[in-house]
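Worksheet: the structure to be examined is printed underneath.
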Amino acid sequence: MFFSKILMTKAVIFSSVIGLLASTVSTDVNANYTKRSDKWEASFKILNNQSTSIDGQNGSSLDLESDYGWGFTLGYNVNPHILVNFDFSSSTPSYEATAVRDDGNTISGRNKMDLLESQFNVVYSVFASQFTPYVQVGAGWSYLDSNIPSGEAVGGCWVTWWGQIYCDGYQPTYDDTRFSYNAAVGFRYELDNSLFFRASYKQAWIDLSHSENASIGSYNLEIGSIF
């Protein structure tokens, strides 16, 4: 009888310990579980585009230098794993362009390019938790402005209702909007106050018409909010 009471007491203690551990694990799991499902989110980012070279026709080339830029995203979390978003980024990398004349001589020049990217992405988070690795694929358009004049500057002047005269001008440049697509890998971490951070590496490809496709890698660091 005495031993049976001891065994029963030990069983109760053991059961209590197991129950406490189970409740603790359950609490931790709930604490780490994301709240992003069925919610919108937006972020601001800084980025660092890596240098790259693009080979053109007849031996011409374009060497883009590394550059910092900025951007933002707006997206909707379909569920804890799938996010669809719009991603915009802007940078102004310096470049050196080399062209080949008909006589075989080369000419080169340096300038700054305006590079704007608008992408629609599908992002897959591996875990339904506050911290998770993720992968991304997307497609959209990239706008490239060489800032090289393509013709005479145009402008004009006009008189306002108050008799003031304003003049403005515009310099047309060689620019283009091209189809582009991307793939990325990264990590995401959410705080309990709905703030989140993302760090990723993205590779983007721009479909150019008179040269090989541009391949631009970038490191991205984001801070955002879930709402």
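Given the stretch 129-227, what strands (runs of 3 or more DSSP E) lie entirely inside it while holding 2 or more residues that are free of Cβ contacts under 8 Å to residues at least 12 places away in the same chain, charged (D, E, K, R) and open to solvent by 80 Å² or more (accessible area, probe 1.4 Å)?
Hits in the stretch 129-227: none.
Does the stretch 113-126 hold any residues that are over 22 Å from residue 83 (Cβ atoms) and touching a Pro at 6+ places or on another chain (Cβ under 7 Å), and which are they?
113, 115
Filter the stretch 113-126 down to residues that are among the hydrophobic types (A, V, I, L, M, F, W, C) and under 14 Å from residue 77 (Cβ atoms) and give me whichever is most open to solvent (accessible area, probe 1.4 Å).
Applying the filter and picking the extreme gives 122.
Results for (1) under 18 Å from the mean Cα position of the chain (by Cα); (2) modelled with pLDDT of 95 or more; (3) farther than 17 Å from residue 84 by Cα; (4) polar (S, T, N, Q), shown as yes or no for each residue.
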{"site": "128", "(1), (2), (3), (4)": "no, yes, no, no"}
{"site": "193", "(1), (2), (3), (4)": "no, no, yes, yes"}
{"site": "198", "(1), (2), (3), (4)": "yes, yes, no, no"}
{"site": "206", "(1), (2), (3), (4)": "yes, yes, yes, no"}
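For the stretch 57-108, name all the residues that are more than 25 Å from residue 213 (Cα to Cα), hydrophobic (A, V, I, L, M, F, W, C) and open to solvent by less than 30 Å² (accessible area, probe 1.4 Å).
Residue satisfying the conditions is 83 alone.
The values are calculated or read from the model by the stated rules, or taken from the named source; none is laboratory data. From a predicted model like this one, the values you see are computed outputs, not experimental measurements. Note that we place each Cβ from the backbone using ideal geometry, even for glycine, and neighbour counts take in every protein chain shown. What goes into the accessible areas is simple: the full protein's heavy atoms, side chains included, and nothing from ligands, DNA or RNA. Shrake-Rupley method; radii C 1.70, N 1.55, O 1.52, S 1.80 Å.
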